[in-house]
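Below is one structure; the comments refer to it alone.
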């Protein structure tokens, strides 16, 4: 197969492969961003429930590196964050971990395995992740006197962030993938 044909084939893939030092470095950066962004938001007094800073890197990991990268980031980010900062709180850590794992896995899976647009992939993943979160809180050991009130406080503020994630993250991932492929192609030409 010629280099020209290989380029056309690789450009058709919706995500980047999660292999090699470069990909693992970016993956570690996304996990780091998912840990650091909430800390910065809390320290600056930003409305964390409105901007959902940990969610953005998880979703971008799924869009860029597929279901493996998204699932890894979604699973590790809250656990590493809790290990370093004590947040999210122990009572919400399991439900948030399941929620973020769902975001990353499903976004990546839908991008890699279906013909859905990245916008629809993010929307479906966000909806599924929230359903998982609600189920985990409702059936888990989260202590709350009023589940409905808790869900309103925990979920409704994030609707604006979710809309922004649906609108912006597919565009960012498209740019990221194009940059990575251009860099890789230029490195191949130089060698």
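Miscellaneous remarks
- Count of residues meeting criterion [in contact with a helix residue (DSSP H, G or I) (Cβ under 6 Å, 6 or more places away or on another chain), in a helix (DSSP H, G or I) and more than 17 Å from residue 162 (Cα to Cα)] in the range 99-117: 4
- Residue that is farthest from residue 64 (Cα to Cα), among those in the range 153-169 that are touching a residue at least 24 places away in the same chain (Cβ under 8 Å) and over 16 Å from the mean Cα position of the chain (by Cα): 153
- Positions within the range 51-75 being over 19 Å from residue 22 (Cα atoms) and without any contact (Cβ under 8 Å) to a residue 60 or more places away in the chain, in sequence order: 53, 54, 74, 75
- Test: residue in the range 124-135 that is in contact (Cβ under 8 Å) with a residue 40 or more places away in the chain, surrounded by fewer than 15 Cβ atoms within 10 Å (Cβ to Cβ) and in contact with a helix residue (DSSP H, G or I) (Cβ under 9 Å, 6 or more places away or on another chain): no
- Filtered residues of the range 6-19 (kept if surrounded by fewer than 11 Cβ atoms within 10 Å (Cβ to Cβ) and at pLDDT 90 or above): 19
- Some residue of the range 137-148 being assigned to a helix (DSSP H, G or I), under 30 Å from residue 17 (Cα atoms) and touching a helix residue (DSSP H, G or I) at 6+ places or on another chain (Cβ under 7 Å): no
- All positions within the range 49-84 that are surrounded by fewer than 21 Cβ atoms within 10 Å (Cβ to Cβ), assigned to a helix (DSSP H, G or I) and in contact with a helix residue (DSSP H, G or I) (Cβ under 6 Å, 6 or more places away or on another chain): 49, 50, 51, 75, 80, 82
The values are calculated or read from the model by the stated rules, or taken from the named source; none is laboratory data. A quick note: this is a predicted structure, and the numbers were derived from the prediction, not measured. Note that we place each Cβ from the backbone using ideal geometry, even for glycine, and neighbour counts take in every protein chain shown.
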